[in-house]
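The block underneath contains the structure these notes are about, expressed in structure tokens.
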Amino acid sequence: EIDLLLILNKGQYLSQVPTQVRIIPLFDISFVVRILSFLQKKVGLVYFFRSRMKRMPEKHYNVAISFLDSNFTDLLFLYKQIDKRYTWVHASVKNNNNYYRYYKYKKYRDKVIRERYSLLDGIRFVSIDAMNEFKEIFGEFPNMSVVYNIISVEEIKKKALEEINYENDIFTFIAIGSLYTVKGFDRLIRATKFVCDQG
């Protein structure tokens, strides 16, 4: 029996959530979430999140997982009827400016170590690099491990068979991803030049 608590009631996969999963949205406007998130990080204000979490059903949960570790992981502690609490680190903590602008300050790091990471039952990472960067910034905690992103192999194979109408006799390749430093698009551009120079 699964409940899916959404900070923001939108997302590209929302339509794919199975019907047996109960969706509990907290907010509908992303601007409001950004402001409340900023206030939570800067001054520890959780009142609005706490009041919205009253939408949660009165029930006991065996496990609660924050699937994208951030200040929202702290919401796991606002609901008391949970046996075990986990977070999943999906990003490079050090190379993601959005995170590091807070984590670079010792006072903030000490706070999240004390009030978040030391209270969790486990921390999962999408890669060994993500786990090593996390250890470098926050240290080690019990029950840390890597669990790679779960992908649908069948769905990828199905999409690979789709025809693409592309009429061009120039050798072409494509790279798709976010422009965060950790993705290495700068290296890809330099590597492409090197390959072209080599003929």
Cα-based Debye curve of the stretch 78-192 sampled at q = 0.14, 0.19 Å⁻¹ gives log₁₀ I(q)/I(0) of -0.79, -1.13
Expressed as a percent, the accessible surface of the chain that is carbon or sulfur, using a 1.4 Å probe and the full set of protein chains, is 57 percent
Filtering chymotrypsin sites (Phe, Trp or Tyr not before Pro) in the stretch 121-199 by DSSP loop and by at most 16 other Cβ atoms within 10 Å leaves TYR148, TYR166, PHE171, PHE173, TYR180
Restricting to Cα pairs under 8 Å and 6 or more apart, the percent relative contact order of the chain works out to 13 percent
Expressed per residue, the solvent accessible area of the chain in Å² (1.4 Å probe) is about 73 Å²
With the label point 7 Å along the Cα-to-beta-carbon line of TYR148 and a cut-off under 18 Å to each amide N, the hits in the stretch 71-93 are 89-92
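The values are calculated or read from the model by the stated rules, or taken from the named source; none is laboratory data. In this text the structure is predicted, and so the values were computed from the model without any measurement. Neighbour counts are summed over all protein chains in view; Cβ atoms, including those assigned to glycine, are modelled from backbone coordinates with ideal geometry. Side chains included, ligands, DNA and RNA excluded: accessible areas come from the protein's heavy atoms. Shrake-Rupley method; radii C 1.70, N 1.55, O 1.52, S 1.80 Å.
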